[in-house]
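Written below as structure tokens is the structure these notes are about.
The values are calculated or read from the model by the stated rules, or taken from the named source; none is laboratory data. The model shown is predicted, which means the values in this text are computed figures rather than measured ones. Cβ placement follows ideal geometry from the backbone for every residue including glycine, while neighbour counts extend to all protein chains displayed. We work out accessible area using only protein heavy atoms, side chains counted, and drop any ligands, DNA or RNA first. Shrake-Rupley method; radii C 1.70, N 1.55, O 1.52, S 1.80 Å.
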Amino acid sequence: MKNSLIYLIFLSTSLHAQVDTNLVEVINYSIDSKILETERNYWVSLPSDYDSARLYPVIYVLDAESKFNITNALEKDLSDNGKIPQHIVVGITHPNRRLDMSFSTSTVNCAGKTDTIAFSSQNSGNGLKFFAFIEEELMQEVNLRYSTSGFNILIGHSLGGYFCSYILPLQKSFKSLQIYDPSIWYSKGEAIQQIDSNLTQNTVCHIFISSSSKFENQCPYHYAKIEELKQSLNRFPNIHYEYKTYENEHHNSMCLYSFLDGMSMLYKGYEIKKGGFETIIDVSIIEEHYKQFSKTIQFEFIPPINLYLEVGAINFHQKKYQNCIEALEIYLDKSSKDPYALELIGDAYAIIGKKKQSRNSYIKAYGLCPENTRLKNKIENL
């Protein structure tokens, strides 16, 4: 039992150490876009234990220059703690954000007042080409480089939120759109007109919409158009959306809270609740839980592999050694070089009298940690 407690301490340290490893590791790529007729940069951050044998959903972040870091950091914390799945996070940069994310030249501003100066043909109206670049070039390259599941999320704030709204009837790639304080006022609400005219009744999408508080310096026209967007979406039974407003936040500060609430909405029911070492859980409970979640979200999500390690430890603590072994065998099938899991399954095998399997597991663990005298003693005792 003493050895088991030592193992559990090591396990806890190992799992927590993973949380901080990749928070700032970002890969910078460039793509020669034929559609945009120029070179574009995009950024990628992988899960801390990325494995090409697994499939990952992907979060695409517009306005990466200002929104990528916070999104990436929050995603890592939530996913490493089992609240949401692990994602590949892709940041989309913009040499000219207005040009990229608008589909016309607006003649009004956020107050609904006539404005023929702020927007022109030089800084607006390239949205269709930019959207084609995302779906036909960028996403295809990401899918070739990495192991992606096909569950894609697009996050847009402000003008990016208007972009997400406008492409809703056009896009075929995103299972979820995260629309934060969107500039639906642009071109007198043309994104709403686009939805009303072109969105089909059988379109399925999970959408989170948020807005900041109605401070005195905010524009009522801006909020009125967001309300119109919500009313428009109510007409489509397969559009699953939630809306939240942040009374104490302004246009930029609300993005942090929007991501947390947007992911909570999208992945409601994903996390499997564990109350510590007294939790009653085994492999069958895990698999049934994620089967039901997949049915709810209409996309297959497999259980996170580290969950099997946790469940193995829980069942070992409860002296349910066969359940422990079942969970750890699944985990070790994907993570065969984890000395802690190998030692624990070796302990379980030894307790139920399977000395050959126990010895083999200890030897594998010792080969990975030759300085571990405890493992050496266990091998010799067998």
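Which is surrounded by fewer than 22 Cβ atoms within 10 Å (Cβ to Cβ), in contact with a strand residue (DSSP E or B) (Cβ under 7 Å, 6 or more places away or on another chain) and touching a residue at least 60 places away in the same chain (Cβ under 8 Å), of SER147, SER104? Exactly one residue qualifies, and that residue is SER147.
Can you find, within the range 62-71, the residue that is nearest to the chain's Cα centre (by Cα) among those that are part of a helix (DSSP H, G or I) and charged (D, E, K, R)? In this case the residue turns out to be LYS67. Restricting attention to the range 271-282 and to residues that are under 22 Å from the mean Cα position of the chain (by Cα) and under 11 Å from LEU307 (Cβ atoms), the residue that is least open to solvent (accessible area, probe 1.4 Å) turns out to be ILE272. Considering only residues in the range 72-101 that are among the basic types (Lys, Arg) and open to solvent by 40 Å² or more (accessible area, probe 1.4 Å), the one that is farthest from the chain's Cα centre (by Cα) turns out to be ARG98.
Residues of the range 126-173 that are more than 20 Å from GLU75 (Cα to Cα), not in a helix (DSSP H, G or I) and not hydrophobic (A, V, I, L, M, F, W, C): ASN126, SER158, PRO169, GLN171, LYS172, SER173.
Looking only at residues that are assigned to a loop (DSSP other than H, G, I, E, B) and open to solvent by 60 Å² or more (accessible area, probe 1.4 Å) in the range 312-359, which one is farthest from LYS274 (Cα to Cα)? Working first, answer last.
Taking the range 312-359 first, the residues assigned to a loop (DSSP other than H, G, I, E, B) are 318-320, 335-338, 352-354.
Within this subset, residues satisfying the condition of being open to solvent by 60 Å² or more (accessible area, probe 1.4 Å) are 319-320, 336-337, 352, 354.
Working: LYS319: 17, LYS320: 17, SER336: 24, LYS337: 25, ILE352: 26, LYS354: 29 Å.
Looking at residues that are assigned to a loop (DSSP other than H, G, I, E, B) and open to solvent by 60 Å² or more (accessible area, probe 1.4 Å), I get LYS354.
Of the residues making up the range 42-71, those that are under 24 Å from TYR180 (Cα atoms) and either open to solvent by 70 Å² or more (accessible area, probe 1.4 Å) or at pLDDT below 95 (or both) are GLU65, SER66, ASN69.
Of all positions in the range 246-258, none carries a residue that is part of a loop (DSSP other than H, G, I, E, B), at pLDDT 95 or above and either surrounded by fewer than 14 Cβ atoms within 10 Å (Cβ to Cβ) or more than 27 Å from the chain's Cα centre (by Cα) (or both).
Say whether the condition of being more than 26 Å from SER104 (Cα to Cα), open to solvent by 10 Å² or more (accessible area, probe 1.4 Å) and in contact with a Phe, Trp or Tyr (Cβ under 6 Å, 6 or more places away or on another chain) is met by at least one residue in the range 215-237. No; the residues of the range 215-237 include none that is more than 26 Å from SER104 (Cα to Cα), open to solvent by 10 Å² or more (accessible area, probe 1.4 Å) and in contact with a Phe, Trp or Tyr (Cβ under 6 Å, 6 or more places away or on another chain).
Taking first residues from the range 287-315 that are within 11 Å of GLY269 (Cα to Cα) and partners that are open to solvent by less than 20 Å² (accessible area, probe 1.4 Å) and part of a helix (DSSP H, G or I), the Cβ contacts under 8 Å between residues at least 6 apart in sequence or on separate chains come to ILE297/LEU266.
Looking across the range 275-311, the residues that are out of contact with any helix residue (DSSP H, G or I) (no Cβ under 7 Å at 6 or more places or on another chain) and assigned to a loop (DSSP other than H, G, I, E, B) come down to GLY275, GLY276, GLU278, ILE280, GLN298, PHE299, PRO304.
If the condition is being over 26 Å from ILE192 (Cβ atoms) and of a type in the set (Lys, Arg), then the range 227-283 contributes LYS268, LYS273, LYS274.
For ILE285, indicate whether it is among the hydrophobic types (A, V, I, L, M, F, W, C), open to solvent by 10 Å² or more (accessible area, probe 1.4 Å) and more than 28 Å from SER102 (Cβ to Cβ). Full working, then the answer.
Details: among the hydrophobic types (A, V, I, L, M, F, W, C): yes; open to solvent by 10 Å² or more (accessible area, probe 1.4 Å): yes; more than 28 Å from SER102 (Cβ to Cβ): yes.
Yes: the conditions hold for ILE285.
If only residues of the range 360-371 that are assigned to a helix (DSSP H, G or I) and not hydroxyl-bearing (Ser, Thr, Tyr) are counted, the one that is most open to solvent (accessible area, probe 1.4 Å) is LYS364.
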